Amino acid sequence: MNDMAAVGRRALSPNYYRDPEVFARQREGLFFKTWQFACHESRVPGPGDYYAFSVLDQDLFVIRQKDGSLRCFYNVCQHRGHPLVEESGRARLLVCPYHAWSYGLDGGLKGAHGTKDQPGFERSRICLSRVRLDSLAGFLFVNLDGQAPSLAETFPGVEAAILEACPSLPERAFAQEHEAEEFCNWLIAVENYNECYHCRVAHPTFAAGVIDPQSYDIHPFAEGVKSLRHTAKAQSGKGAWYDTSGSDYASFYLWPAFSLQIYPSGLVNAYHWRPRDVANTVVHRSWYSKEGVIDDQLQRVIDLDRDTTFAEDLKLVKRIQRGLGSRGYTPGPLVINPEGGIDSEHSIAALHDWVREASGD
Ligand code: FES
Ligand SMILES: [Fe+2]
């Protein structure tokens with residue numbers, strides 16, 4: 001979609017954000033067919049290190065193999081369905097807490113007591129169910145659809161652009177994360193993230209402390225690629241939160257629920273969203289630094305960001321969820337400036353195209 005094509009577009013029907021049937025269609029047609037963020041590779045540094053997470057009601061975990069490679073499995077025992085691991089940790093063997101069946105790091109069944117002489121019990125045929133796993137600049141994603149194109153095919157050119165914006169990214173490791181329930185549909189949160197028309201109104205601190213709002217711009221990354229690229233010059237005025245010199249602001253949103261941000265001077269952070277149900281979403285805010293070290297400046301930025309931009313958005317999105325249920329609401333026109341810039345919502349029009357397609361409309 002080019003920018004001119006967005007002129008005359010209106011906001012989406014509230015059904016997209018409130019109807020459980022639309023959400024049910026998105027579960028299968030969108031969230032189980034696209035790449036969902038798992039974790040940064042630094043969270044599973046050594047053999048046996050695992051990290052558990054969920055994509056809607058599907059529990060999964062990533063685990064580092066003895067040879068250093070990574071695998072992802074459904075977090076469910078192949079005996080009678082108990083989950084195998086919780087949160088994160090390190091294991092030499094994955095032992096189910098229910099009847100102690102044990103699995104190797106590669107997912108193969110190793111032991112199941114009481115089955116040695118059981119006719120027809122073929123241990124070698126039992127293994128955990130594997131899920132596709134792929135990496136983009138050290139960020140690990142999973143896809144429940146075994147036929148889906150790879151990350152590189154889905155987002156051609158994006159990894160190279162990210163590394164160009166932050167050449168030291170390969171040295172970064174997970175440093176800190178916080179999360180919050182948003183009490184809104186995931187698309188409200190993602191739309192809110194992907195426009196800055198509200199920034200000067202609702203985020204005065206961000207607009208004075210991190211970026212120069214006059215220079216803010218959001219564009220589809222490239223024709224046919226479901227990614228949005230945000231760019232802005234660093235804020236160098238008196239209100240700047242920290243020494244922002246060295247590099248500008250960039251953000252790469254990857255459809256549907258992840259965005260990598262590079263704050264000026266190379267402070268790397270990410271958002272990812274995990275929908276809970278049609279009207280609730282958990283937003284995760286994570287930060288990545290050299291060797292995962294958090295110095296005073298980084299902690300100050302994390303705290304300022306959480307207490308201002310992050311907290312401000314939580315209020316907005318919750319109110320939007322309620323507003324979209326008002327009998328008095330008619331979807332309004334999107335504000336489109338063909339030149340782009342901070343006051344243009346053509347990124348919203350792009351998101352609407354993608355969600356319509358994924359919802360089977
Ligand atoms: S459910 Fe895992 S051992 Fe029985
Ligand atoms: Fe915002």
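Out of 101, 273, 287, any idea which swings most in a Gaussian network model of the chain, alpha carbons joined below 10 Å?
The residue that fluctuates most here is 101.
For the residue pair residue 335 and residue 219, what label-to-label distance in nm results when each label sits 7 Å from Cα along the Cα-to-beta-carbon direction?
2.1 nm
Using the reciprocal of the averaged 1/r over all distinct C-alpha pairs, how large is the Kirkwood radius of the chain in Å?
21.8 Å
Which FRET efficiency value, to the nearest 0.05, do you get for residue 178 and residue 28 by plugging their Cβ-Cβ distance into 1/(1 + (r/R0)^6) with R0 = 25 Å?
According to the calculation, E is roughly 0.25.
Of the listed peptides 276-284, 336-344, what is their order by residue-averaged count of other C-beta atoms within 10 Å, with the highest listed first?
276-284, 336-344
Just the number please: accessible area per residue for the range 196-348, 1.4 Å probe, all protein chains included, in Å².
43 Å²
Just to make sure I understand: if all protein chains stay in place, what is the order of 211, 320 by accessible area at 1.4 Å, largest first?
320, 211
I'd like the accessible area for residue 233, computed on protein heavy atoms only with a 1.4 Å probe and all protein chains in place. Round to 10 Å², please.
Rounded to the nearest 10, the figure is 120 Å².
Between the helical axis of 346-358 and the dominant principal axis of the chain, each derived from Cα atoms, what acute angle in degrees is found, rounded to the nearest 10?
The helix 346-358 is inclined about 30 degrees to the chain.
Roughly speaking, to the nearest percent, how much of the chain's 1.4 Å accessible area is carbon and sulfur?
For the chain, the apolar C and S fraction of the accessible surface comes to 48 percent.
Computed FRET efficiency, Cβ-Cβ of residue 10 and residue 93, R0 56 Å: what is it to the nearest 0.05?
0.50
Hey, if we sort 312, 195, 86, 181 by accessible area with the 1.4 Å probe, largest down, what's the order?
86, 181, 312, 195
Once both axes come from the Cα atoms, what is the angle between helix 296-305 and the longest principal axis of the chain, in degrees from 0 to 90, rounded to 10?
Between the helix axis and the principal axis of the chain, the angle is about 70 degrees.
Once ligands and nucleic acids are excluded and a 1.4 Å probe is used, how much of residue 145 is accessible, expressed in Å² to the nearest 10?
Spelled out: residue 145, probe radius 1.4 Å, area about 40 Å².
The values are calculated or read from the model by the stated rules, or taken from the named source; none is laboratory data. As the structure is a computational prediction, the values presented were derived from the model and not from experiment. Backbone-built Cβ (ideal geometry, glycine too); neighbour counts: all protein chains shown. Surface accessibility is based on the protein's heavy atoms, side chains included, excluding ligands, DNA and RNA. Shrake-Rupley method; radii C 1.70, N 1.55, O 1.52, S 1.80 Å.
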